[in-house]
Amino acid sequence: MTVETSSPAAQRAAELRELLHYHARRYYVHDAPEIPDAEYDRLYQELERIEAEHPALCTADSPTQRVIGRVLEGFAAVRHQVPMLSIRTETDTSAGGAEAFDARVRRELGLGQDDAPVAYAAELKFDGLAINLRYEHGVLVQAATRGDGETGEDVTQNIRTVRGHAGAGGGVPLRLEGCSADVLEVRGEVYMRRDDFEQLNERQRERGDKTFVNPRNAAAGAVRQLDPRIAAQRPLSFFAYGLGDVRGWALPDTHCAVLDALAEMGLPVCSDRSVVQGAAGLVAFHRAIGARRDELPFDIDGVVYKVNRLELQRQLGFVTREPRWAVAHKYPAQEQMTQLRAVEVQVGRTGKLTPVAKLEPVFVGGTTVSNATLHNLFELRRKRVRAGDTVIVRRAGDVIPEIVGRVSNGAAAVASDGADNPRPAYVPNFRMPRVCPVCGSQVMREKGSVEHRCTGGLYCAAQRKQALLHFAGRRAMNIEGLGDKLVDQLVDGGVIRTLPELYTLGLTTLVALERMGARSAQNLVDELARSRSTTLARFLYALGIRHVGEATAKDLARHFGAMDRLMSASETQLAEVPDVGPVVAHSIRAFFDQPHNREVVEQLRAAGVTWPEHDAAPDRAPDAPLPLAGRTLVLTGTLPGLDREQAKALIESAGGKVAGSVSKKTHYVVAGAEAGSKLERARELGVPVLDEAGLRALLDGAAPAG
């Protein structure tokens, strides 16, 4: 039967060949795919069906007849002594995929129902870049990519940089242990772990650089860098899974034994592998790995089954471009296409504004996804996505779903079986809001940063829980007992809406909360009462001003001495404080420029929160000497009205230093109840000893009694 080249089948076959060639080049050559793997597989299977129904349409250059790829300019070509062919993909993700493969193998081997089951080596299908490592007399002499299966790219210098993940192996050994082979070509996969990938992309975002679509593309891009120094900066790992050319080494009888031998030579071999019996064993392995897929530290898109005995592999041989003795059995895709309905803004617990994609719900990575992160404005602009676009959404493991790119009109046409899906003539570009969508405070972006943040930290409802937890922290107001679960109850139940309302909590309100007994409630009431007496440094740190850590808060307290003076200081005056640069000064000024934040400070004061200030006189210069400037004190025993942290903070805010031992250089020892050997040492050296009243007098600038 002949088919005219103008027939619908012929036209569709030609269209599919062009599309598959194009997307294969985007994937293998440019490391920049435009459609998900699942969409590529769908197109490939459609072409296979057409060619099976109309054999005359199967051309020599069809993607179904050869491996796609080519050598990049800039790399030397490497001719593979043994072709690097791909294996067949079984896209039926159910048990039927494994059962169909076993049935084909048994049929090809002429086995009947009464014959023993076939033994298979079952492994993971890594999502990385296939590599051929050539060892001569145990020394790595060359590494090459798959290329077109016959000829690859020489990437030896880059592969030499693959050291693996710290503490988890996965590096490429430069010399094998106990290898007697004249030539041993090891085939395997260069990949990137998920945690390494996320950290790499985070660094890219912070620098304003292009992020990577997925770990596979990040790994491939690193291996194919012309500059090995760049490749060395990428966190790559490697797994061996097979052999190429072998000379001067007697092969074991089974594939599993080959991998065991490679592992003994020092090559990383994945431990998630097993020898199973028959279809039942394949199905059980597929299910077991599928249940653990999200827990794995790296991406896989399926498992691989190989007939274990090498002699049976030779009997089965190859068909076209694929071995009959192996198959890849996939899992549900982790990337899918869907429509981007709108872009909205989400305010996080720390005030960070994140653009979020509202999607036409799509099933991906084992769950239905309707929202996905776009990270920040600059990432969104780089991906060139707008409302109405067809986009690729990715979800792997517990990673938050994200938009990885926009599908071009051509790819969108394929997805809708030929119906064009162009972008309208004009779609407004997304812009970040100037005010917080939750509280109306100003939104700011620091110079050089890609993040937009709400400045209403003490007022913004989205940041309420984080603000409370930070405020109550040990190095802030030190309110023991006010933890995550209790804060969740207080905020979610509407009991507390602002920080000052903490100090209105009474026994009746607290006892009514879940898992809060009378004793715990009374303890928290006592803690809140005690926390009202603090230091300026602790209070500043507790406010959660961006970039103001514990040390900076102490510096600010020492320099300004009083809250009002600090709140009214200009950026120029703030920058006079040691270690306070323009970015920190701008952040402090922006915080106190928000009326909401100043109001919260005043409400906390009205609630009874107090601290000693060293600026009673309005004409005192900010840099005037502090009461304890240049003096060293040692604390010992228990003071009646101050715990150790509070006393230390008071001393430091007054310019003093707290030491851990008594010496001749100690100016004062502050002793409370049950003072120990430090008190005795002070008496031996004649160091003045103060009680709590003496310390407070010293803090107020008075000379100690006696």
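Observations
- Placing R0 at 22 angstrom, the Cβ-Cβ distance between Glu198 and Ala32 gives a FRET efficiency of 0.65 after rounding to 0.05.
- Bins of 5 Å from zero: percent of alpha-carbon pairs in segment 168-223: 4, 15, 21, 19, 12, 10, 9, 6, 4, 1
- Only alpha carbons enter this Debye calculation for the chain, each as an equal point scatterer, and the log10 of I(q)/I(0) it gives at q = 0.07 Å⁻¹ is -0.69.
- Inter-centroid distance (Cα atoms) of segment 450-529 relative to segment 358-392, Å: 35 Å
- If you plug the beta carbon distance of His137 and Ala693 into 1/(1 + (r/R0)^6) with R0 = 60 Å, you get a FRET efficiency near 0.15.
- Pairwise inverse Cα distances across segment 128-187, averaged and inverted, put the Kirkwood hydrodynamic radius at 12.1 Å.
- Each of Cys179, Gln204, Ile159 was placed along the dipole of segment 157-207 (beta-carbon charges, centred on the mean Cα), and the one lying farthest toward the positive end is Gln204.
- D (Stokes-Einstein, µm²/s), Kirkwood Cα radius, segment 450-578, 1.002 mPa s at 20 °C: 135 µm²/s
- Val525-Arg292 pseudo-label distance in nm [points 7 Å out on the Cα-to-Cβ vector]: 5.4 nm
- Of all lysines in the structure, those lying under 17 Å Cα to Cα from Lys678, and not within fewer than 8 positions of it along the same chain, are Lys648, Lys657, Lys664, Lys665.
- Gain in span if fully extended, Ala284 to Arg475, counting 0.36 nm per residue against the direct Cα distance: 63.5 nm
- Measuring with a 1.4 angstrom probe and ignoring ligands and nucleic acids, Met84 comes out at about 10 Å² accessible.
- Among the protein heavy atoms, those of Phe298 account for about 10 Å² of accessible surface (1.4 Å probe, every chain in place).
- Net charge dipole size for the chain [Lys, Arg +1 and Asp, Glu -1 on Cβ; Debye, nearest 20]: 1600 debye
- Per-residue SASA entry for Glu177, accessible area with 1.4 Å probe, Å² rounded to 10: 120 Å²
- Options Ser587, Phe539, Leu513, ranked by Cα towards positive dipole end of segment 461-591, top entry (Cβ charges): Leu513
- Taken along the Cα-to-beta-carbon direction at a fixed 7 Å, the label points for Glu576 and Arg349 span 3.9 nm.
- Solvent-accessible area per residue, Å², over the chain with all protein chains present [probe radius 1.4 Å]: 46 Å²
- Within the chain, the cysteines lacking any other cysteine Cβ closer than 4.7 Å to their own Cβ are Cys58, Cys179, Cys256, Cys270.
- Accessible carbon and sulfur surface of the chain relative to its total accessible area, %, 1.4 Å: 49 percent
The values are calculated or read from the model by the stated rules, or taken from the named source; none is laboratory data. These numbers were taken from a predicted model, which means no experiment stands behind them. A quick note on method: Cβ atoms are made from the backbone with ideal geometry, for glycine too, and the neighbour counts reach across all protein chains shown. We work out accessible area using only protein heavy atoms, side chains counted, and drop any ligands, DNA or RNA first. Shrake-Rupley method; radii C 1.70, N 1.55, O 1.52, S 1.80 Å.
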